[in-house]
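The values are calculated or read from the model by the stated rules, or taken from the named source; none is laboratory data. These numbers were taken from a predicted model, which means no experiment stands behind them. Neighbour counts are summed over all protein chains in view; Cβ atoms, including those assigned to glycine, are modelled from backbone coordinates with ideal geometry.
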Amino acid sequence: MTPLAKILLVDDRAENLFALEAILEPLGQELVRAESGEEALRRLLHDDYAAILLDVQMPRLDGFQTAELIKQRERTRHVPIIFLTAISKDAEHVFRGYESGAVDYITKPFDPGVLRAKVGVFIELWQKTVELQRHEELVRKQELAALGRESEERYRFLGDSIPQQVWTALPDGSLDYVNERVLTYFGRTFEQMIGWGWSELVHPDDLPRCVELWSESLRTGALYEYEFRLRRAADATYRWHLTRALPMRGEDGEIVQWFGTNTDIEERRVAEDRQQFLAEAGWVLGSSLDYERTLADVAQLVVPKIADWCAIDLVRDGALTRVAVAHVDPLKVALARELAERYPADIETGTGPAAVVRTREAELVPEITPDMLDATVDDLQREIVADLGLHSYLCVPLVARDQAFGAISFMHAESGRIYGEDDLALARELARHAAIAIDNAQLYEEAERRAQAARVLESVGDGVVLIDREGVIRLWNTAAAAIAGLSEAEVLGRRIADVIPRWDEIARLVPVANSPAEPVRAVTTPVEIQGRELWISGSGVALGEGIVYAFRDLTEEHLLEKMRTDFVATVSHELRTPLAAIYGSAQTILRPDLDLDDAVRDELLAVIAAESDRLADIVSDLLLSSHLDSGRLPVQIESCDAAELAAAVVESARTHLPDQVDVELDAARDLPLVAADPGQLRQVLANLVDNAIKYSPGGGAVSVKVEDGDGTVRFTVEDRGIGMPASELRRIFEKFYRLDPDMTRGIGGTGLGLYISRELVRRMAGTISVESKLGEGSTFAVELPVAQQPSEAKRPKAPASP
Ligand code: ADP
């Protein structure tokens, strides 16, 4: 319906306005009065007018001024103005009227019909314009609607044609649109997908978290982003997807819809998983040098990610040994082990891991067919294999430094998964890591073994020396250095012949085995090193790089041995001499043809008695030394009178003094009592005095002194006899040691006297020492502690007074 047009009537006189109203009434439109130019402008602010009838003569703002203002305003510029005037009829006024924008200039008195007709034209024009505007609006709306439809279609087309899964959801989270891609991917109809049907496609493990996050986004309006597995229709497998959804908001800010996409990121996830798996495996392999244990850990890691079961075999003594098995089903681990144990694979002929090790080529069997299992040895093996339910198989060799030393087998059984090239690449990578780790562990073990061997070599008591093919010393251990008195630095790199005199001769004597296992008997030979004679017992083993000699220093043992043989000779001699005397005397007495007078007979009997004593002494020395060795000799310390003891010893010695030898005693007065076993002290002093006499074959005085030491009592026995070289003084206290074992000087002895003396003194907490000069005589000194409680001591005699 056409709206009423508004006509603005402007005149300062009410009667004029009435007149105009009366004239225009019949047009049936809305007439609005304004009694001044200002009022007219005000009215024009609020409403839209079809025409303005404007009086020219008005106080303040006249008609022309009012018209000019109207024309200045954008909104009112086009409203037609008709001037009405009674007076301004002259041309100037009329011209001004048109100039100020009038469409007509009507002078009074005017024909009401003409005025009505003119206004009527403007009304019609206005109504046409309004009509047109309305129509335009309608058309625009229709056009917009069409455009909207078109864009929605385009948008759907877009949605359907992009390779991504696109969907929209209502504010409650239910799907209201999915694109074509979604339908084909999940093998569902549009109706099945709309609403909440999607939840059935989510992997059960991921569903709770997926729903939880979706609800949270719905509640907060935050971007929804989550990676989860969705089941693809084509192969009914779950594949990783990244889903993102953004809320779309209306003008009032409320969420009107969610716009979402799903992207299949399976490849990326798999690559990531593999990367992570390799990283984990690398970590496990690097965590310890116990590679058998780490391999077992790796097998555990493989299952179930990469395989339903995994077995690792290593080459040992030409055959494969299964070092690790892991299975998704723990019960089947035993089965898998049984299979490996019952049917050990021979690397030369075996199939599976054995063939992989032999050829160093990986083996991939995506699908195991029943006829492949025909290669089984017997029904039992076929049964075990069938029980294991092998489905897909992959085996890669473990290769380090061009050597295959094992294989990792991956098997799919219950999961029904199938191995492909990607898996092969992953397995190869894992095998590479594992091989490096095992190789490192073995190298480390080897290095450790060598280091250990080197340490052992350094700590053994035997000298170990490696002489290379050129006769140059390449190894010289600590013991070798100690024995030879030559440091490693002094000899390494030198020819052995330059270090050890007569080496060629020695080398001919020392037996050399061809392998460490070959038994050889070490040979003892004297070797002179830096002017010292050593008795060395050694043998060698020939190696690729030369000969290793092991030897020990038997110098001490050799000397001891020599001493023993000397002792036997000496003792035999010592025993034979008195025995010969006894035998001779007895024979003489018993001879019937000789009539011996009593004096001679007594003399012979005295010889028998004396020599028997000598025999008894030798035997008792031997017994005593054996008691000392076994620690069976008791010591009974008492407070003794040193001077008295010494006097008794001197007294006894004087009874059988050879010619030209004298024994003197010089005991200090006021000597403290000595803490000693009197019997044993007497024996020590007697030994020293006997030696002093014995080793003074040319005669001379033997002086025995007893002095007060500082807290000790000191006994010295000095002679002017044959003396000893300084180099021998250290050794004379050794058992059986004699300076002159062959008795070139005709002085007999067992070499036990000083040994016994030293042991007895030591047991009495004392010391024994010697000073001597060859050809000038010797002085032996014994110091024993002073007795603690002199008052309780037995003092048979009153102390001598000056
Ligand atoms: P032996 O029975 O040979 O005398 P000893 O043990 O008493 O054994 O002495 C060991 C060696 O010490 C003797 O063989 C001798 O060579 C030397 N010896 C001991 N006492 C003297 C001494 N007073 N003068 C010179 N040499 C001595």
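Listing for the model above:
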| quantity | calculated |
| --- | --- |
| Selected residue (criterion: farthest from VAL571 (Cα to Cα)) from residues of region 702-727 that are touching a helix residue (DSSP H, G or I) at 6+ places or on another chain (Cβ under 9 Å) and near the ligand (Cβ under 7 Å from one of its atoms) | ASP719 |
| Residue selected from region 172-211 under the condition part of a loop (DSSP other than H, G, I, E, B) and among the hydrophobic types (A, V, I, L, M, F, W, C), by the criterion nearest to TRP240 (Cα to Cα) | TRP196 |
| Out of LEU289, LEU320, LEU339, sole residue that is in contact with a helix residue (DSSP H, G or I) (Cβ under 7 Å, 6 or more places away or on another chain) and more than 25 Å from ALA386 (Cα to Cα) | LEU289 |
| Hits in region 644-663 - residues which are under 15 Å from ARG720 (Cβ atoms) and of a type in the set (A, V, I, L, M, F, W, C) | LEU657, VAL661, VAL663 |
| Boolean, LEU41 is at pLDDT 85 or above, of a type in the set (A, V, I, L, M) and either within 28 Å of HIS135 (Cβ to Cβ) or surrounded by fewer than 19 Cβ atoms within 10 Å (Cβ to Cβ) (or both) | yes |
| PRO163 touching a Lys or Arg at 6+ places or on another chain (Cβ under 9 Å), surrounded by fewer than 13 Cβ atoms within 10 Å (Cβ to Cβ) and at pLDDT below 85 | yes |
| Breaking point among (1) of a type in the set (A, V, I, L, M); (2) under 24 Å from ALA435 (Cα atoms); (3) not in a helix (DSSP H, G or I), for ILE368 | (2) |
| Residues of region 99-108 classified as surrounded by 14 or more Cβ atoms within 10 Å (Cβ to Cβ) and either in a helix (DSSP H, G or I) or polar (S, T, N, Q) (or both), total | 2 |
| Count of region 765-779 residues which are in a loop (DSSP other than H, G, I, E, B) and either away from the ligand (no atom under 11 Å from the Cβ) or buried (at least 20 other Cβ atoms within 10 Å of the Cβ) (or both) | 2 |
| Unmet criterion (only one of (1) free of Cβ contacts under 8 Å to residues at least 24 places away in the same chain; (2) assigned to a loop (DSSP other than H, G, I, E, B)) for ARG156 | (2) |
| Exclusive hit being β-branched (Val, Ile, Thr) and under 30 Å from ASP742 (Cα atoms), set VAL650, VAL674 | VAL650 |
| Residue in region 671-693 that is surrounded by fewer than 17 Cβ atoms within 10 Å (Cβ to Cβ), more than 16 Å from the ligand (Cβ to nearest atom) and not small (Gly, Ala, Ser) present | no |
| The one condition in (1) among the β-branched types (Val, Ile, Thr); (2) in a helix (DSSP H, G or I); (3) more than 10 Å from the ligand (Cβ to nearest atom) that VAL782 fails to fulfil | (2) |
| Lone qualifier among ASP313, ASP290, ASP273 - being under 32 Å from the mean Cα position of the chain (by Cα), of a type outside the set (A, V, I, L, M, F, W, C) and modelled with pLDDT of 85 or more | ASP313 |
| Given (1) near the ligand (Cβ under 8 Å from one of its atoms); (2) touching a helix residue (DSSP H, G or I) at 6+ places or on another chain (Cβ under 6 Å), index of the condition ARG738 fails | (2) |
| Tally of residues being surrounded by fewer than 21 Cβ atoms within 10 Å (Cβ to Cβ) and not β-branched (Val, Ile, Thr) across region 405-419 | 5 |
| Residue check, GLY120 at positive phi and either surrounded by 12 or more Cβ atoms within 10 Å (Cβ to Cβ) or out of contact with any strand residue (DSSP E or B) (no Cβ under 7 Å at 6 or more places or on another chain) (or both) | no |
| Residue in region 619-634 that is more than 16 Å from the ligand (Cβ to nearest atom) and over 26 Å from ALA787 (Cβ atoms) present | yes |
| Qualifying residue in region 456-463 (condition: over 30 Å from the mean Cα position of the chain (by Cα) and among the hydrophobic types (A, V, I, L, M, F, W, C)) | yes |
| Near pairs, Cβ below 8 angstrom, 6+ apart or cross-chain, from region 713-725 (closer than 10 Å to ILE693 by Cα and modelled with pLDDT under 95) to any residue that is aromatic (Phe, Trp, Tyr) and within 9 Å of the ligand (Cβ to nearest atom) | GLY721/TYR695 |
| Qualifying position, being of a type in the set (Gly, Ala, Ser), surrounded by 11 or more Cβ atoms within 10 Å (Cβ to Cβ), at pLDDT below 90 and assigned to a helix (DSSP H, G or I), among ALA454, ALA481, ALA497 | ALA454 |
| Which listed residue is more than 10 Å from the ligand (Cβ to nearest atom), charged (D, E, K, R), within 25 Å of SER620 (Cβ to Cβ) and free of Cβ contacts under 8 Å to residues at least 40 places away in the same chain, from ARG758, ARG730, ARG762 | ARG762 |
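Every residue, every condition in (1) in contact with a strand residue (DSSP E or B) (Cβ under 7 Å, 6 or more places away or on another chain); (2) surrounded by fewer than 15 Cβ atoms within 10 Å (Cβ to Cβ); (3) among the charged types (D, E, K, R), yes or no:
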{"residue": "VAL702", "(1), (2), (3)": "yes, no, no"}
{"residue": "ASP710", "(1), (2), (3)": "no, yes, yes"}
{"residue": "PHE715", "(1), (2), (3)": "yes, no, no"}
{"residue": "ASP719", "(1), (2), (3)": "yes, no, yes"}
{"residue": "GLY749", "(1), (2), (3)": "no, no, no"}
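Let's see how each residue does on (1) modelled with pLDDT under 85; (2) surrounded by fewer than 18 Cβ atoms within 10 Å (Cβ to Cβ); (3) among the polar types (S, T, N, Q); (4) assigned to a loop (DSSP other than H, G, I, E, B):
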position: HIS78; (1), (2), (3), (4): no, yes, no, yes
position: ILE82; (1), (2), (3), (4): no, no, no, no
position: PHE110; (1), (2), (3), (4): yes, yes, no, yes
position: LEU115; (1), (2), (3), (4): no, no, no, no
